[in-house]
Amino acid sequence: MKVLVTAASRHGSTFEMAEAIGRTIGARGYTVAVLPIENVTGLDGYDAVVLGSGVYMSFWLKPARDFVEANAAVLRRKPVWLFSSGPLGPAKPGAEPVQIPEVIDAVQPRDHRVFDGRLDTSRLGFGEKAVVWAVKAPAGDFRDWQAVEAWAAGIADSLAQENGAAA
Ligand SMILES: Cc1cc2nc3c(=O)[nH]c(=O)nc-3n(C[C@H](O)[C@H](O)[C@H](O)COP(=O)(O)O)c2cc1C
């Protein structure tokens, strides 16, 4: 079985999560391709897809939304897992970090998981710095690699259950 792990990432942290997910699934015996979403030219040959995006102003990045729109029919026919990388610092009660109902609706994923992200202010342009300052977002790397890897291992487990055995 071949699994595509892809992500839209403005400052690199979501793509590093895609790489970790790909390594975990690959270690379970699957053939894995980890690609920036801009480099995915088609879904032929992939048996399952893990698709993520960084979250900006509560939305997925445009390349991820465009990808889902362009490939919705194919994605709906494959097992798909979605992840978002966003929240920074302690969770704010009642705050919804990501709004992607149209993506969920289009893809009908097995799961959508929101992971804490990374904010490295040295990588931000002026406009982004202003937003971050206005909302007082805390800088730092809040990614929980154990949680990411455990989620990826769960994906490999469900693929194995569905298909009898890996690879
Ligand atoms: C301008 C700006 C807006 C953001 N808006 C949100 C948001 O609405 N919700 C959220 O959970 N995280 C938000 N974040 C945090 C990012 O999603 C987080 O830093 C993410 O890990 C970045 O992924 P990337 O490095 O792959 O681009 C924002 C970050 C920036 C710089």
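Taking the highest mean first, how do the peptides 5-16, 39-50 order by number of other beta carbon atoms within 10 angstrom per residue? Before the final figure, lay out the partial values.
Working: 5-16: 22.1, 39-50: 14.9.
Peptide ranking by packing, descending: 5-16, 39-50.
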In degrees rounded to 10, the 0-90 angle between helix 145-163 Cα long axis and the longest Cα principal axis of the chain is 20
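Using the Kirkwood radius built from alpha carbon pairs, what does the Stokes-Einstein equation give as D for the range 2-163 at 4 °C and 1.567 mPa s, in µm² per second? Don't jump to the answer; show the numbers that get you there.
Working: Rh = 16.1 Å.
My calculation gives 81 µm²/s for D.
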To the nearest 20 debye, the chain has a Cα-centred charge dipole, built from +1 on Lys and Arg Cβ and -1 on Asp and Glu Cβ, of 180
Burial-style ranking of 56-67, 94-105, average other-beta-carbon count within 10 Å with highest first, yields 56-67, 94-105
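Where does the range 1-70 land on Rg(C-alpha)/(2.2 N^0.38 Å)? Walk me through the numbers on the way to the answer.
On the way: Rg = 11.8 Å, N = 70, 2.2 N^0.38 = 11.1 Å.
This ratio for the range 1-70 stands at 1.07.
What percent antiparallel are the DSSP beta bridges of the range 2-163, to the nearest 5? Before the final figure, lay out each step's value.
Working: 4 of 27 bridges.
Of the beta bridges lying entirely in the range 2-163, close to 15 percent run antiparallel.
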Rounded to the nearest 10 degrees, the helix 62-76 long axis (Cα) sits at an angle to the longest Cα principal axis of the chain of 20
Scoring the chain by relative contact order with C-alpha pairs under 8 Å, at least six apart, yields a percentage of 25
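Any read-out appearing in this document is the output of simple, stated calculations on the displayed coordinates, not a laboratory observation. Everything quoted here is computed from the prediction, not taken from an experiment. Glycine gets a Cβ as well: all are built from the backbone with ideal geometry, and neighbour counts include every protein chain shown.
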